[in-house]
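What follows is a set of notes on a single structure, which appears directly below.
The values are calculated or read from the model by the stated rules, or taken from the named source; none is laboratory data. Because the structure is a prediction, the values reported are computed rather than measured. Backbone-built Cβ (ideal geometry, glycine too); neighbour counts: all protein chains shown. These accessible areas exclude ligands, DNA and RNA; they are computed on the full protein's heavy atoms, side chains included. Shrake-Rupley method; radii C 1.70, N 1.55, O 1.52, S 1.80 Å.
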Amino acid sequence: MAAPLVTLGIDLGTTSVKAAVVEAAPGDPSGFVVLASCVRAARAEAAAQSSAAGPQAREQDVSRIIQALNECLAALPRQQLRKVCGIGVSGQMHGVLFWKTGQGCEWTEGGAAPAFKPRAVSHLVTWQDGRCSSGFLTSLPQPESHLSVATGFGCATIFWLLKNSPEFLTSYDAAGTIHDYVVAMLCGLPRPLMSDQNAASWGYFNTQSQSWNLEILTASGFPIHLLPDIAEPASVAGRTAHAWFEIPKGTPVGVALGDLQASVYSCMAQRTDAVLNISTSVQLAASMPSGFQPVQSPDPAAPVAYFPYFDRTYLAVAASLNGGNVLATFVQMLVQWMADLGLEVEESTVYSRMIQAAAEQKDTCLTITPTVLGERHLPDQLASVTRISSSDLSLGHVTRALCRGIVQNLHSMLPFQQLREWGVERVVSSGSALSRNKVLKQEVQRAFPFPVSFGQDVDAAVGAALVMLQRNLNQEES
């Protein structure tokens, strides 16, 4: 009897890197077992490489992200890695980094664990980057796509660099998301490959024709040689060019997936499920029927966008920029206030105490609109606190109101009545901010008029592994 198929899934998130080893369940084509998983904090925030980017810039040091990835792989059982017959990779969408072809990394193969580290590589400009002002975005050409372009989107960032730091772009000849980069390095690709999931997240990509808006971009002087080639999600990008930890050389690696799509893939058991992810940011996604095509005219003011999924289908997505990062900002504010008062306290202590205080405070009249980062459809919106009374000023009241505000903000973007009209019967939720916050879980259960189930923090990594697992199973059947 053949040994069960085993695949590795990797998710390169904003604040952490996750990895999961998944095995097909014997006799059950849709079943699987997570044999092992690992999470490592990336701690990759870095100062902007362009001085003109200003305080709104958000960049990450790629070497720290890869270090966290290597730590994840080193922590997984070696005997499990030896069985891996496919690698799936997902990660934070929209962002962009640049590298020199053939010089993007260097491999260390002499030791016990062969691995790579970045070489001629820029910082990652993340989806949280705010250097593209509303005025700058309106100066850009209109895309031929159903999706509009926002700050933090790869093509908008490249346009900004073209205008403000043109010499920066001359140092590189390849670009992609962080997960496209990892796939390119693992496979030694001469040119990066990108799925339509990630291409759509960059902007200026037409999902119907599966092509970049080359005429529009060329007319604006955009460096189109930096645009990756397009490949189907769930297809193979290549094979590992080196042994990687215990994974053999020649192991198939999938084209990189969006972390949203990978999370949905691991969580959505039925088309009547909606998937909620609350990590650094928040996404609420529902499946659109087969054959659905979004209107081919971008509406920057629309709070719901339609992102490509698999097999030319779409997800309706309310993607809020304000999630776990808002709670982190609140914690940092409290820590700074304490420091100003001459007291030192760890962020982790503040976080656990404030969640405990909110858990004991079952309700509040305080209302917090938590949009400290604005939203893509309302980029100039700020946060606010209303209905303040002297009886609602405790830490428990404020934290409860903040958690409720995160969920209610999402509700304002995608009313739950709309989910009902789309046939949604259950919400499957996951994400790092949700998994460690019982108050946020309570507010999710309180807000949704459907049953809510809670998944794991490693859902995107598991989803990436499952895509490769399903591909291998399909090959066996054929």
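Restricting attention to the stretch 123-148, the residues that are within 21 Å of residue 196 (Cβ to Cβ) and open to solvent by 30 Å² or more (accessible area, probe 1.4 Å) add up to 4. Contact list please: Cβ distance under 8 Å, first residue in the stretch 131-156 and more than 26 Å from residue 293 (Cα to Cα), second residue open to solvent by less than 20 Å² (accessible area, probe 1.4 Å) and of a type in the set (S, T, N, Q), pairs at least six apart or on different chains. Within 8 Å, the pairs are 131/157; 132/157. Annotation: of all residues in the stretch 36-93 being part of a loop (DSSP other than H, G, I, E, B) and free of Cβ contacts under 8 Å to residues at least 24 places away in the same chain, the one that is most open to solvent (accessible area, probe 1.4 Å) is 55. Determine if the stretch 415-428 includes at least one residue that is closer than 30 Å to residue 73 by Cβ and surrounded by 15 or more Cβ atoms within 10 Å (Cβ to Cβ). Scanning the stretch 415-428 turns up at least one residue that is closer than 30 Å to residue 73 by Cβ and surrounded by 15 or more Cβ atoms within 10 Å (Cβ to Cβ).
Could you please let me know if residue 475 is without any contact (Cβ under 8 Å) to a residue 12 or more places away in the chain, open to solvent by 10 Å² or more (accessible area, probe 1.4 Å) and closer than 29 Å to residue 28 by Cα?
Numbers: without any contact (Cβ under 8 Å) to a residue 12 or more places away in the chain: yes; open to solvent by 10 Å² or more (accessible area, probe 1.4 Å): yes; closer than 29 Å to residue 28 by Cα: yes.
It is true that residue 475 is without any contact (Cβ under 8 Å) to a residue 12 or more places away in the chain, open to solvent by 10 Å² or more (accessible area, probe 1.4 Å) and closer than 29 Å to residue 28 by Cα.
Exactly one residue among 462, 398 is open to solvent by 20 Å² or more (accessible area, probe 1.4 Å) and of a type outside the set (Lys, Arg), and that residue is 398.
Taken over the stretch 94-103, the criterion of being part of a loop (DSSP other than H, G, I, E, B) and either hydrophobic (A, V, I, L, M, F, W, C) or on the phi > 0 side of the Ramachandran plot (or both) is satisfied by 94, 102. Checking each residue in the stretch 165-192 for being open to solvent by less than 20 Å² (accessible area, probe 1.4 Å) and of a type in the set (Val, Ile, Thr) picks out 177, 178, 182, 183.
Yes or no: residue 315 within 27 Å of residue 11 (Cβ to Cβ) and assigned by the TED database to the domain that holds residue 404? Before the answer, list the steps.
Values: within 27 Å of residue 11 (Cβ to Cβ): yes; assigned by the TED database to the domain that holds residue 404: yes.
Yes, satisfied.
The set of residues from the stretch 343-355 being more than 28 Å from the chain's Cα centre (by Cα) and not charged (D, E, K, R) comprises 343, 345.
Go through the stretch 443-459 and give me each residue that's farther than 22 Å from residue 415 by Cβ, in a helix (DSSP H, G or I) and open to solvent by 50 Å² or more (accessible area, probe 1.4 Å).
To start, the set of residues in the stretch 443-459 that are farther than 22 Å from residue 415 by Cβ comprises 454-459.
So of that shortlist, the ones also in a helix (DSSP H, G or I) come out as 459.
Selection gives nothing.
Applying the set (1) of a type in the set (A, V, I, L, M); (2) without any contact (Cβ under 8 Å) to a residue 40 or more places away in the chain; (3) surrounded by fewer than 19 Cβ atoms within 10 Å (Cβ to Cβ) to residue 120 leaves exactly one unmet item: (2). Looking only at residues of the stretch 23-35 that are out of contact with any Gly (no Cβ under 6 Å at 6 or more places or on another chain) and touching a residue at least 12 places away in the same chain (Cβ under 8 Å), we find that the one that is least open to solvent (accessible area, probe 1.4 Å) is 24.
When the residues of the stretch 324-359 are filtered to those that are assigned to a helix (DSSP H, G or I) and small (Gly, Ala, Ser), which remaining residue is surrounded by the fewest Cβ atoms within 10 Å (Cβ to Cβ)?
Out of the qualifying residues, it is 348.
Within the span defined as the stretch 276-286, one or more residues are farther than 18 Å from residue 149 by Cβ, surrounded by 16 or more Cβ atoms within 10 Å (Cβ to Cβ) and without any contact (Cβ under 8 Å) to a residue 40 or more places away in the chain.
Can you find a residue that is of a type in the set (A, V, I, L, M, F, W, C), assigned by the TED database to the domain that holds residue 95, open to solvent by less than 10 Å² (accessible area, probe 1.4 Å) and not in a loop (DSSP other than H, G, I, E, B) anywhere in the stretch 238-249?
Taking the stretch 238-249 first, the residues of a type in the set (A, V, I, L, M, F, W, C) are 241, 243-245, 247.
Then keep just the ones that are assigned by the TED database to the domain that holds residue 95; that gives 241, 243-245, 247.
With the extra rule that they be open to solvent by less than 10 Å² (accessible area, probe 1.4 Å), the set shrinks to 244, 247.
With not in a loop (DSSP other than H, G, I, E, B) added as a condition, the list becomes 244, 247.
Yes - at least one qualifying residue is present in the stretch 238-249.
Restricting attention to the stretch 319-343, which residues are touching a residue at least 24 places away in the same chain (Cβ under 8 Å) and out of contact with any Ser or Thr (no Cβ under 9 Å at 6 or more places or on another chain)? Matches in the stretch 319-343: 329 only. Of all the residues in the stretch 281-297, those that are assigned to a loop (DSSP other than H, G, I, E, B) and under 18 Å from the mean Cα position of the chain (by Cα) number 1.
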